[in-house]
Amino acid sequence: MKTIKYTYSLLISLVFLLFFASCKDDLSSLDTNKLSDIKVDTIGQSTLSVFQFDELVLDPKILGIGPNDQLTYEWTINLEPWSTEYITIGTEKKLTYEVGFVPTNLDRLHQIVLKIKDEKSGVTYIQDWPLMIRNGIGEGLVIVETYDNQNTDLSHIMSPLVTPDFNQEKIRTKIYSAANGTTIPGLVNSMIYTKLGSNNVLLGGTSNAIFAIKTLDYSLGDQNEKLFYAPQDSYGPEKLVNFVQNEIMIHKGKLYANWLQISKFGLPFPNNYNIPTILGINNRYDYPNISLNFYSEEKGHFAYQYSFATYGDRGMRPVPAATVPFNPNDLPNKQNIAAGISNQGEFIHILKDKSTQKYGLYILSAGGYDSENWVPTPSVPKKFMDLSNAPEIDQAIKFLILDNQQVILYATKTKIYAIMYSALSPAYGLRYTVSSGEEITALSVYLQADYPMVNRENFSRNGKQLILGTYNGTEGKVHVLPLINEGVANIDQANIKTYNGFGKILFTITQL
């Protein structure tokens with residue numbers, strides 16, 4: 001009798017093992033992977049597929065189980081492809097699991113294992129599936145945020161508002177910590193999307209580090225000394241800027257320019273200036289006559305540089321003197337407030353007088369070219385405007401110089417104002433007020449990551465919407481504010497889109 005029972009038990013176990021081993025269906029989808037009905041079918045076996053940072057949802061239908069069976073469930077996944085070390089990711093019949101592992105190669109897949117134990121009989125049934133993790137992070141908005149005011153995490157938004165030819169919404173929060181198991185130490189102060197060797201990366205900096213994050217899977221790449229030809233006394237750029245075939249870094253008042261796709265950072269440009277982080281860099285694709293323009297607070301004048309290229313003129317010089325509308329060679333006792341470039345190449349600066357506390361707008365030309373001697377010529381002053389009457393400008397925490405219209409936007413902690421400077425005198429207007437209890441922490445104009453360095457037709461929303469970050473003490477929000485009425489930059493209040501669930505937003509950038 002014991003032999004018969006034992007044989008019967010083995011037969012039942014074998015039936016269930018064969019049943020589970022044969023019950024694989026095509027489970028891949030764009031958003032989630034559902035296993036709704038397991039059937040005895042050896043046709044159509046496939047690999048589970050899920051995008052990184054999406055939820056994997058499996059709800060197998062268990063057949064052949066008696067009504068009185070006492071079943072427990074355990075879902076596990078191995079930590080690395082081919083690894084024998086597993087972690088538990090669920091204990092219910094239905095699995096819902098956000099996959100944070102890095103994307104897999106076709107020949108190196110993870111394994112999902114389901115163990116079903118009949119507590120009454122002690123028999124355990126096992127089913128496993130290979131799992132392919134796909135890269136699901138494409139062109140969109142990168143949210144640089146903090147949850148403790150000490151360390152930084154990254155989130156990502158893909159939507160029709162920030163992703164061309166895309167009709168879904170994918171919001172992935174804390175993707176850096178999910179991919180790396182930890183946040184970025186310190187607060188990130190600058191970040192750009194670029195290419196490091198053959199990898200597309202986010203190049204970022206904190207007060208003591210510079211690092212690259214691979215956008216394929218948001219894993220940490222090279223950092224600090226690996227980005228330089230020789231070890232440095234310190235790391236931590238104050239500013240990073242894209243330029244055609246160059247990445248610009250400012251560190252301790254020195255300017256570095258190297259093409260990281262084929263090289264590393266070398267020595268800074270030799271000059272007699274303390275380079276500010278508020279400066280104008282003309283990074284158009286057509287190699288402008290003047291690449292760099294800035295106001296030197298120490299020397300009290302504007303300075304410029306023709307080129308960053310090794311074959312170009314890389315000397316820094318003071319802008320020549322003029323009498324009207326201002327003398328760029330003699331402007332002592334000013335403070336840098338904001339700087340930018342128009343799409344015509346004009347350099348636009350806002351300076352504050354340290355004595356009178358008055359704000360002024362200073363515009364210089366893009367520079368020219370002496371075709372007879374084959375040399376570029378310096379900028380000349382074009383316009384000055386007193387901005388003393390701009391409402392609450394002394395409380396401004398963010399400035400935006402729009403490149404496609406003669407408008408400057410600035411934000412206090414709760415409001416966004418516009419300065420229109422196309423006429424002889426500036427005009428001002430209130431454009432937006434945040435909800436009660438919220439404060440502005442970030443403001444930028446939406447620009448695709450390669451604009452204006454690549455000569456192509458840009459996304460229709462490029463330069464035509466603001467990305468606003470607010471914080472209410474517990475939650476950060478991203479607001480997409482469409483701009484209308486070119487020349488005055490009104491905001492289309494009826495079509496503002498808000499995304500919730502972030503930390504305190506430090507700033508946002510775009511990636512491709």
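Miscellaneous remarks
- Where labels lie 7 Å past Cα in the beta-carbon direction, separation of T498 and I87 in nm: 3.4
- Within the chain: Cβ-based charge dipole about Cα centre, in debye rounded to nearest 20 (Lys, Arg +1; Asp, Glu -1): 340
- Solvent-accessible heavy-atom area per residue, rounded to whole Å², over the stretch 119-229 at 1.4 Å: 40
- For the stretch 351-466, the spherically averaged projection of the C-alpha convex hull amounts to 10.5 nm².
- Stokes-Einstein diffusion of the stretch 190-287 at 20 °C, 1.002 mPa s viscosity, Kirkwood radius from Cα pairs, rounded to a whole number: 157 µm²/s.
- Restricting the stretch 81-142 to GluC sites (Glu not before Pro) that sit in a DSSP loop and have at most 11 other Cβ atoms within 10 Å of their own Cβ leaves E85, E92, E119.
- Around the amide H of L506, modelled in the peptide plane, lie the amide H atoms of V144, E145, T146, all under 5 Å away and 5 or more residues distant in sequence or on another chain.
- Computed over the chain, relative contact order equals 9 percent, with contacts defined as Cα pairs under 8 Å that lie 6+ residues apart.
- Relative counts (whole %) of C-alpha pair distances in the stretch 241-337, using bins that are 5 Å wide: 3, 13, 23, 25, 18, 11, 6, 2, 1
- Taking a sphere under 13 Å around the Cβ of N500 and counting the other residues whose Cβ falls inside, with K and R at +1 and D and E at -1, yields a net charge of -2.
- Candidate cross-link partners of K358 among the aspartates and glutamates, defined by an alpha-carbon separation under 20 Å and a same-chain spacing of 8 or more, comprise E297, E298, D330, D386, E392, D394.
- Note on the stretch 116-175: Cα convex hull, mean projected area over all directions, 8.1 nm².
- Once both labels are positioned 7 Å from their Cα atoms along Cα-to-Cβ, the gap between T277 and L512 label points is 2.7 nm.
- Within straight-line reach of K352, meaning a Cα separation under 26 Å, sit the following lysines at least 8 residues removed in sequence or on another chain: K239, K252, K254, K299, K334, K382, K383, K398, K413, K415.
- The loop-placed chymotrypsin sites (Phe, Trp or Tyr not before Pro) in the stretch 347-390, going by DSSP, that have at most 15 neighbouring Cβ atoms within 10 Å of their Cβ come out as W374.
- For the stretch 348-395, diffusion coefficient by Stokes-Einstein and Kirkwood Rh (Cα), 25 °C, 0.890 mPa s, µm²/s: 193
- Rg/Rh ratio calculated on Cα atoms of the stretch 288-368 (Kirkwood radius): 0.97
- Whole-percent carbon and sulfur share, accessible surface of the stretch 275-343, 1.4 Å: 47
- Proximal charge balance of G140 [Cβ under 13 Å; K/R count +1, D/E count -1]: 0
- With both residues required to sit in the chain, DSSP beta bridges show an antiparallel share near 95%.
- Extension gain from N200 to K117, taking 0.36 nm per residue of separation minus the Cα-Cα distance: 25.3 nm
- Kirkwood estimate for the stretch 460-501, i.e. one over the average of 1/r between Cα atoms, Å: 11.1
- Calculated P(r) of the chain - Cα pairs past 29 Å, %: 59
- The stretch 87-190 - Rg and Dmax from Cα coordinates, angstrom: 18.4, 60
- Environment charge at P103 (Cβ cut-off 9 Å; Lys +1, Arg +1, Asp -1, Glu -1): 0
- Calculated FRET value between K254 and T76, using beta carbons and R₀ = 45 Å, to 0.05: 0.30
- Accessible area of Y287 (1.4 Å probe, protein heavy atoms only, ligands and nucleic acids ignored): about 120 Å².
- Projecting label points 7 angstrom from Cα along Cα→Cβ for D330 and E238 puts them 2.8 nm apart.
- Descending Cα extents along the principal axes, the stretch 382-431, whole Å: 31, 23, 16
- Were the residues from Y311 through S371 laid out at 0.36 nm apart, the gain over their Cα-Cα distance would be 19.8 nm.
- Theoretical gain in end-to-end length, K358 to A322 [0.36 nm per residue, Cα-Cα removed]: 10.8 nm
- Pairs beyond 18 Å (Cα-Cα), from K170/K477; K195/K504; K61/K93; K94/K115: K195/K504
- Altogether, the Stokes-Einstein calculation at 4 °C and 1.567 mPa s, with the Kirkwood radius of the stretch 124-259 over Cα pairs as Rh, returns a diffusion coefficient of 79 µm²/s.
- Sparsely packed trypsin sites (Lys or Arg not before Pro) within the stretch 339-378, loop by DSSP, other Cβ within 10 Å at most 16: K354, K358
- In the context of the full set of protein chains, the stretch 380-449 has a per residue accessible area of 43 Å² (1.4 Å probe).
The values are calculated or read from the model by the stated rules, or taken from the named source; none is laboratory data. Note that this is a predicted model, so its numbers are computed, not measured. Cβ atoms come from the backbone with ideal geometry, glycine included; neighbour counts cover every protein chain shown. With ligands, DNA and RNA removed, areas are computed over all heavy atoms of the protein, side chains included. Shrake-Rupley method; radii C 1.70, N 1.55, O 1.52, S 1.80 Å.
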